[in-house]
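The values are calculated or read from the model by the stated rules, or taken from the named source; none is laboratory data. Keep in mind the model is a prediction, meaning the values are calculated, not measured. Here the Cβ is made from the backbone with ideal geometry for all residues, glycine too, and neighbour counts use every protein chain on show. Surface areas here come from the heavy atoms of the whole protein model, side chains and all, with no ligands, DNA or RNA. Shrake-Rupley method; radii C 1.70, N 1.55, O 1.52, S 1.80 Å.
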Amino acid sequence: MRMYDLILKKKEGGELLPEEIRFFIQGYTAGEIPDYQAAALAMAICFRGMTEEETACLTMAMARSGDLVDLSGIPGVKVDKHSTGGVGDKTTLIAAPVAAACGVPVAKMSGRGLGHTGGTVDKLEAIPGLKTEMGRQEFLEQVRRIGLCVAGQSGNLAPADKKLYALRDVTATVDSMPLIAASIMSKKIAAGSDAIVLDVKTGSGAFMKTQADALALAREMVSIGEKVGRRVMAVITDMDTPLGCCIGNSLEVMEAAKVLRGKGPEDLTEVSLELASHMLRLAGMGGPEECRRRAREAVESGGALEKLRQMVRAQGGDALALDDFSRFPQAGLCQEVLARESGYVTGVDALACGRASVLLGAGRLKKGDPIDHAAGIVMLKKRGDRVEKGEALAKIYSSEEGKLAEGQQVYLKAVSIGNQPPQARALIRARVSRDGVELCGEPSGR
Ligand code: URA
């Protein structure tokens, strides 16, 4: 078999055979197929697409390129959760402890921030002392003991995806539906859970800018999961505007703790409980209403917050920080961003907010850059709020004057102000399962 022939076949719109896909993934992972040939094939896939069979085969070849985590020693239905990436998205820190508090074991491997989007591992590391790197045995032992572990992607998990993702990032081949679906699902399948809840974001701050694209990606991922025997459910949620009010690592952990105390922003609470309820449903804990009730009760009883405290302690972190926010790293500088005109906030662009927060130091401009865990944004006015000229739209935090000024400029451009309040928009757009698509048109949030 020759890589040249595979590239030519895909370039001409042909369908790759399972053995050809496996040849590519095995050869590329082993370093036998050079980057330039892999990039050429990725580009051909971008233009020609892949059938469902090809995508499922690519996913499994990537999942099997490294270790497959075996969670069978842990009793119960293990449920994972994944977001396609957003701004202010701290739902893992809420939904995972809620599910675990209801008795569903959650063994989750998370990533770091990517571009303008945040990552759970960076957020968790804002908790003083908390470690996200751990060996496989330690990871499994923690899930067995307390029912919850959120750690970094360890060891040799889907190495083909790691290599291919880095290549796609620099060859303009990230935005291909089958490549994204295979990339996400290969990691989730290798991570070993029985069921997976996907939060597919749509809007300016998401990879999928339109709802149609988000739906297509969700359908593809649900179908791949079901083909290989995993229960998968996807929720399409809004990412035109940041989720919650806080962007930046320690700020987001504090906001998650507020939600777990029943005192967080409405939009973040709603999306987190929606995801947690689906995690419970996939674990067989009842119908939609029963699962929603259980999730709400886990928050109201304090059980979910206690579960997060247990996880933080188990991973060496300062659990008292979840109750006493002064124990988090504090930013050296803080400034209010003032409105330049009066009116209604008609939009707060998620992509621009994500960029502003990276400029403030909360994300990385290039791979390996250090992160300022205290940097970020607290939004004081959200979409739909009335604002007067000179009133504060947000507070921004950084450790350097220059970064504060840059962040402020970008944040100001993210906010649009008009004379009329904007129309309400649905926060949860659709639910996708093996049974089909349920569109949710009703507005919730603003
Ligand atoms: N997230 C991933 O893990 N992979 C992609 O290709 C895109 C987003």
May I ask for the percentage of alpha-carbon pairs in the stretch 290-446 that lie more than 27 Å from each other? 47
Highest mean packing first, using Cβ neighbours within 10 angstrom, the peptides 314-321, 231-238 sort as 231-238, 314-321
Could you sort 340-347, 118-125 so that the peptide with the highest average Cβ count within 10 Å comes first and the rest follow in order? 118-125, 340-347
Could you size up the charge dipole of the chain around its Cα centre, putting +1 on the beta carbon of Lys and Arg and -1 on that of Asp and Glu, and report it in debye to the nearest 20? 260
Surface/4 estimate of mean projected area, convex hull on alpha-carbon atoms of the stretch 61-140, nm²: 6.6
Taking the square root of 5 times each eigenvalue of the Cα gyration tensor, what semi-axes in Å does the equivalent ellipsoid of the stretch 262-375 have, largest first? 32, 22, 15
Cα-based shape type of the stretch 290-357, given that a ≥ b ≥ c are square roots of the gyration tensor eigenvalues and the cut on a/c is 1.5: oblate
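Taking Cα atoms of the stretch 1-145, Rg/Rh with Kirkwood Rh, to two decimals?
Working: Rg = 19.3 Å, Rh = 18.2 Å.
Here the Rg-to-Rh quotient is 1.06.
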Percentage, to the nearest whole number, of Cα pairs in the chain over 27 Å apart: 53
Students often get this wrong: which residues of the stretch 412-428 have the backbone nitrogen under 17 Å from the point 7 angstrom along Cα-to-C-beta of residue 342? 417-421
Of the candidates 46, 246, 353, which one comes out as most mobile in a Gaussian network treatment of the chain with C-alpha springs shorter than 10 Å? 46
Computed from the beta carbon distance with a Förster radius of 45 Å, FRET efficiency for residue 438 and residue 405 to the nearest 0.05 stands at 0.45
Considering Cα pairs under 8 angstrom that are at least six residues apart, work out the relative contact order of the chain and quote it in whole percent. 18
Apply the Karplus parameterisation 6.51 cos²θ - 1.76 cosθ + 1.60, with θ equal to phi minus 60°, to every residue of the stretch 198-206 and state each ³J(HN,Hα) to the nearest whole Hz, in sequence, with x for glycine and proline. 9, 9, 9, 7, 9, x, 4, x, 10
Alpha-carbon Rg/Rh ratio, for the stretch 72-194, with Rh computed the Kirkwood way: 0.96
Quantify, in whole percent, the carbon and sulfur part of the accessible surface of the chain (1.4 Å probe; protein heavy atoms only). 50
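Among the listed pairs 131/366; 188/382; 162/413; 9/78; 11/366, which are separated by more than 28 Å between their Cα atoms?
188/382; 162/413; 9/78; 11/366
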Inter-probe distance in nm under a simple model that places probes 7 Å from Cα toward Cβ, at residue 226 and residue 51: 1.9
Give the long-range amide H neighbours of residue 391: residues separated by 5 or more places, or on another chain, with amide H under 5 Å away, using H modelled in the peptide plane at 1.01 Å from N. 339
For the stretch 144-153, just list the computed ³J(HN,Hα) in residue order, Karplus coefficients 6.51, -1.76 and 1.60, θ = phi - 60°, integers in Hz, with x standing in for Gly and Pro. 5, 6, 10, x, 7, 8, 10, 10, x, 5
Give me the 1.4 Å probe accessible area per residue for the stretch 121-176, excluding ligands and nucleic acids, in Å². 42
Compute the relative contact order of the stretch 1-153 as a whole-number percentage, counting only Cα pairs closer than 8 Å that sit 6 or more residues apart in sequence. 18
